[in-house]
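Peer 1: Supplied in structure tokens, the structure appears directly below.
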Amino acid sequence: ETGRIDGGGLLGWDAPHADVFRSVLAHPSLVPALTDLMGAGYRLDHSPLLLAMNKGAEGHTLHGGAVTEAGEPAWPLRFECVGGQMRNQLLTVCLQLTDAPAGAGGFCVVPGSHKSNFPIPPALADLADEELAQYVQQPPIMAGDVLVFTEAALHGTLPWTADHQRRTVIYRFAPAGSAYGRGYADGGWPAAMLDGMIDAQ
């Protein structure tokens, strides 16, 4: 019993229950930012996932990052900035459904790690070294907030300490010409998930 619950299929729920989750795909507040970060024609790369954590739920080791453990560039997660323009190979959008105040646990990140050129020490990924763990930050995220980050950033989940259940929905987007999760509209997504979507979604 980990205290963590993973649920999918949100986009295929009956209306009106799926509507809010579908709205994230082409939300007018998100489209300009995602276009700036990935280019025109970005697409949903992974099926969205609802994550829930009960008090005492374990965290998840730090993962992602710009460099693999072997010291090679993590090309599928690549972040770069050339000529003042940022591009990301895999971008995560988290829709926060419940409050995650400072110290409650949940999403955590090593700021600036998306620009790293060296592999991370294993003790940092496991949060086993207190001296290294000080570089991991858990930003407060409130219900209704949307968090956008590059998968090139070293990130993970801290154990959940709040009395209420943590709930967040994770979407992963990729540029039009890139595929990490290999999810495609033609034959890859269930029909129930696509029924009733507008063209932009």
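Peer 1: Among the residues of the range 106-120, is there at least one that is β-branched (Val, Ile, Thr), in contact with a Phe, Trp or Tyr (Cβ under 9 Å, 6 or more places away or on another chain) and within 23 Å of residue 70 (Cβ to Cβ)? Lay out the reasoning, then the answer.
Peer 2: First, pick out the residues of the range 106-120 that are β-branched (Val, Ile, Thr): 109-110, 120.
Still in the running and in contact with a Phe, Trp or Tyr (Cβ under 9 Å, 6 or more places away or on another chain): 109-110.
Applying the additional criterion that residues be within 23 Å of residue 70 (Cβ to Cβ) yields 109-110.
Yes, some residue in the range 106-120 is β-branched (Val, Ile, Thr), in contact with a Phe, Trp or Tyr (Cβ under 9 Å, 6 or more places away or on another chain) and within 23 Å of residue 70 (Cβ to Cβ).
Peer 1: Which residue out of 66, 33 is modelled with pLDDT of 90 or more, under 18 Å from the mean Cα position of the chain (by Cα) and open to solvent by 30 Å² or more (accessible area, probe 1.4 Å)? Don't jump to the end; show me each part of the working.
Peer 2: Values: 66 fails: open to solvent by 30 Å² or more (accessible area, probe 1.4 Å).
On inspection, the qualifying residue turns out to be 33.
Peer 1: Within the range 3-21, is even one residue surrounded by fewer than 17 Cβ atoms within 10 Å (Cβ to Cβ), part of a strand (DSSP E or B) and not hydrophobic (A, V, I, L, M, F, W, C)? Show your work before the answer.
Peer 2: Residues of the range 3-21 surrounded by fewer than 17 Cβ atoms within 10 Å (Cβ to Cβ): 3, 5-9, 13-17, 19-20.
Cutting the leftovers down to part of a strand (DSSP E or B) gives us 5-7.
Restricting the remaining residues to those that are not hydrophobic (A, V, I, L, M, F, W, C) gives 6-7.
Yes: one or more hits.
Peer 1: While we're looking at this one, here's another question. Can you give me the number of residues within the range 36-63 that are hydrophobic (A, V, I, L, M, F, W, C) and open to solvent by 40 Å² or more (accessible area, probe 1.4 Å)?
Peer 2: Quick first cut of the range 36-63, residues hydrophobic (A, V, I, L, M, F, W, C) only: 37-38, 40, 44, 49-53, 57, 62.
After this cut, where a residue has to be open to solvent by 40 Å² or more (accessible area, probe 1.4 Å) as well, the list is 40, 49-50.
Number satisfying all stated conditions: 3.
Peer 1: Just one of the numbered conditions (1) out of contact with any helix residue (DSSP H, G or I) (no Cβ under 8 Å at 6 or more places or on another chain); (2) within 30 Å of residue 22 (Cα to Cα) is not true of residue 65; which one?
Peer 2: (1)
Peer 1: Can you give me the number of residues within the range 96-136 that are surrounded by 18 or more Cβ atoms within 10 Å (Cβ to Cβ) and out of contact with any helix residue (DSSP H, G or I) (no Cβ under 6 Å at 6 or more places or on another chain)?
Peer 2: 16
The values are calculated or read from the model by the stated rules, or taken from the named source; none is laboratory data. Please read these numbers as outputs of a predicted model, since none were measured by experiment. As a convention, Cβ positions derive from the backbone with ideal geometry for all residues, glycine included, and neighbour counts pool all protein chains shown. These area figures cover heavy atoms from the full protein model, side chains too; ligands, DNA and RNA do not enter into them. Shrake-Rupley method; radii C 1.70, N 1.55, O 1.52, S 1.80 Å.
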